[in-house]
Structure formats: C-alpha cells, structure tokens
Amino acid sequence: RSSRGAWLGVVTQSVDYDLAEVFDLDTKYGVIVNEIVEDSPAEKVGLKNDDIIVAIDGHEITDNDDLVELLDERKVGDQVTISLFRDGEKLDVVQ
C-alpha cells in the first residue's frame, strides 16, 4: 500500500470542547478549515474557511488525526462524501 493517500488540500485545526464553546460552534468535534490550498480538490468542490468537517463517507472525524487517517485510506481520484457544518447548516459535499 502506498504511503501517500488522497489529498484534500486544507489546513485544519481539531475542534475540542473549549474551542467549540468560545466560538459557539455547531459541534463539539471535527476539524475546522483554516486555509484552502489553491487549485486543490477542496477548492474545486467549494470548501470554505471556517467549514467544520465532521465525517468522510459516514466515518466520524473527531480530530486532525482522524482526517489524515481516513484520507490516507483513499486513493487519489476516489470520490468521497464530506459532511460538514457551514453557517449553522449541515451539508454533504461530494468530492
């Protein structure tokens, strides 16, 4: 198996209880998108700064380690469903 899995092209920060409380986030887990890499898959599907990614293909993401692990299990070009919160709404984005 290759050590290089799929790439999303985001810089993220793990959401924890304290962060969720301070910023009144819609969830107490997941990863918040701090930056989108130009010309990345994330940019192409319209992910935005401050999106909170909570699952990929139905697998819950509680922190950055989960995100990296789930993406590493995918191959470049695989289609995935990203579940996220944006402005209080839960959305599913297919990449």
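Residues of region 4-33 that are without any contact (Cβ under 8 Å) to a residue 24 or more places away in the chain, of a type outside the set (D, E, K, R) and open to solvent by 80 Å² or more (accessible area, probe 1.4 Å): Y17, V22, F23. Taken over region 72-95, the residue count meeting the criterion of being in a strand (DSSP E or B) and either surrounded by fewer than 17 Cβ atoms within 10 Å (Cβ to Cβ) or of a type in the set (D, E, K, R) (or both) is 8.
The numbered conditions (1) modelled with pLDDT of 95 or more; (2) farther than 22 Å from A20 by Cβ are all true for S40 except (1). Within region 34-56, restricting attention to residues that are in contact (Cβ under 8 Å) with a residue 40 or more places away in the chain and under 18 Å from D87 (Cβ atoms), which residue is surrounded by the fewest Cβ atoms within 10 Å (Cβ to Cβ)? Selected residue: G46.
Return yes or no: is D65 acidic (D, E) and not in a loop (DSSP other than H, G, I, E, B)? Yes: the conditions hold for D65. Inside region 47-62, residues that are in contact with a strand residue (DSSP E or B) (Cβ under 7 Å, 6 or more places away or on another chain) and part of a loop (DSSP other than H, G, I, E, B) make up a count of 7.
The values are calculated or read from the model by the stated rules, or taken from the named source; none is laboratory data. All values derive from a computational prediction rather than experimental measurement. Note: ideal-geometry Cβ built from the backbone for every residue, glycine included; neighbour counts use all protein chains shown. Heavy atoms of the whole protein, side chains included, go into the accessibility calculation; ligands, DNA and RNA do not. Shrake-Rupley method; radii C 1.70, N 1.55, O 1.52, S 1.80 Å.
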